[in-house]
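Before any comments, here is the structure.
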Amino acid sequence: MQMDLKQKIRVIEDFPKKGISFKDITTLLKDGEAYRYSIKCLADLIRHKEFDLIAGPEARGFIIGAPLAYELGVGFVPARKRGKLPGKTMQAEYKLEYGSDVLEMHVDAIKKDQKVIVADDLLATGGTIFSTIELVEKMGGVVSAVVFLIELTDLNGRDNLADYDVISLIKY
């Protein structure tokens, strides 16, 4: 079965500010068939890779990464916002439009030399995903690939992730 997933994504012009063409995946997520199809397609794109875990940043990385891990029979490691995880954590800072924020992972989430696929909903410039990659690598993990539901090609995020195998399902 083939499905045009772009038809399942609502595009909202001038959100969150003028000139931005926001890709709203909530319309895809609420369609069970489209959501499942997108996860299965992403799984097929990475199934041949060597990896032990999938990691994803809060919050939309959970929406893609956790079901992807489930589909492929591997564990999922969340990268959470500062202060959300109990126990000892490792941190990585990332830039926002007006400042910065911090993501954290438990220090024992990834073992040395474990192979990890990092998953998120959207590749724009690559800023947020870098913090998750940084956490994986600080723990001694090896990033096997970085996978996205959507890639905004005109923002050149792929160029900023040139050291990694970047895989995306839908391109705008």
Being free of Cβ contacts under 8 Å to residues at least 40 places away in the same chain, of a type in the set (Lys, Arg) and either more than 23 Å from SER21 (Cβ to Cβ) or outside any helix (DSSP H, G or I) (or both), is that true of even one residue in region 87-109?
yes
Filtered residue count, region 1-26, keeping only those that are among the charged types (D, E, K, R) and surrounded by 13 or more Cβ atoms within 10 Å (Cβ to Cβ)
3
THR89 vs. criteria under 28 Å from ALA34 (Cβ atoms) and either hydroxyl-bearing (Ser, Thr, Tyr) or crowded, with 20+ Cβ neighbours inside 10 Å (or both)
no
Taking region 132-150 as the search range and keeping residues that are crowded, with 22+ Cβ neighbours inside 10 Å and of a type outside the set (Val, Ile, Thr), which one is farthest from ALA92 (Cα to Cα)?
LEU149
Looking at (1) among the acidic types (Asp, Glu); (2) more than 22 Å from LEU5 (Cβ to Cβ); (3) within 16 Å of the chain's Cα centre (by Cα), find the lone condition where ASP120 falls short.
(2)
Please state which of the following conditions GLY140 fails to meet, knowing it meets all the rest: (1) in contact with a Leu (Cβ under 6 Å, 6 or more places away or on another chain); (2) at pLDDT 95 or above; (3) farther than 25 Å from THR26 by Cα; (4) not polar (S, T, N, Q).
(1)
Subset of region 47-60 [within 19 Å of ASP113 (Cα to Cα) and among the aliphatic types (A, V, I, L, M)]
LEU53, ILE54, ALA55
Could you tell me which of the residues ASP113, ASP120 is at pLDDT 95 or above, among the acidic types (Asp, Glu) and surrounded by 22 or more Cβ atoms within 10 Å (Cβ to Cβ)?
ASP120
Starting from residues that are assigned to a loop (DSSP other than H, G, I, E, B) and among the hydrophobic types (A, V, I, L, M, F, W, C), keep the ones in region 61-86 and report whichever is nearest to LYS115 (Cα to Cα).
VAL74
So which residues in region 133-172 are in contact (Cβ under 8 Å) with a residue 12 or more places away in the chain, hydrophobic (A, V, I, L, M, F, W, C) and either part of a helix (DSSP H, G or I) or more than 21 Å from LEU5 (Cα to Cα) (or both)?
ILE133, LEU135, VAL136, MET139, VAL142, VAL143, ALA145, LEU155, LEU161
If you take the residues of region 27-55 that are under 28 Å from VAL143 (Cα atoms) and among the hydroxyl-bearing types (Ser, Thr, Tyr), which of them is surrounded by the most Cβ atoms within 10 Å (Cβ to Cβ)?
SER38
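For every residue, the table says whether it meets (1) more than 23 Å from ALA69 (Cβ to Cβ); (2) modelled with pLDDT of 95 or more; (3) in a helix (DSSP H, G or I).
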| site | (1), (2), (3) |
| --- | --- |
| MET3 | no, no, no |
| PHE15 | yes, no, no |
| LYS18 | yes, no, no |
| PHE22 | yes, no, no |
| TYR37 | no, yes, yes |
| LYS40 | no, yes, yes |
| ALA43 | no, yes, yes |
Take the residues in region 137-160 that are over 13 Å from the mean Cα position of the chain (by Cα) and among the aliphatic types (A, V, I, L, M); name whichever of them is farthest from ILE20 (Cα to Cα).
MET139
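The values are calculated or read from the model by the stated rules, or taken from the named source; none is laboratory data. Everything numeric here is computed off the predicted structure, so don't read it as measured data. Quick reminder, even Gly has a Cβ in these numbers, built from the backbone with ideal geometry, and neighbours come from all protein chains shown.
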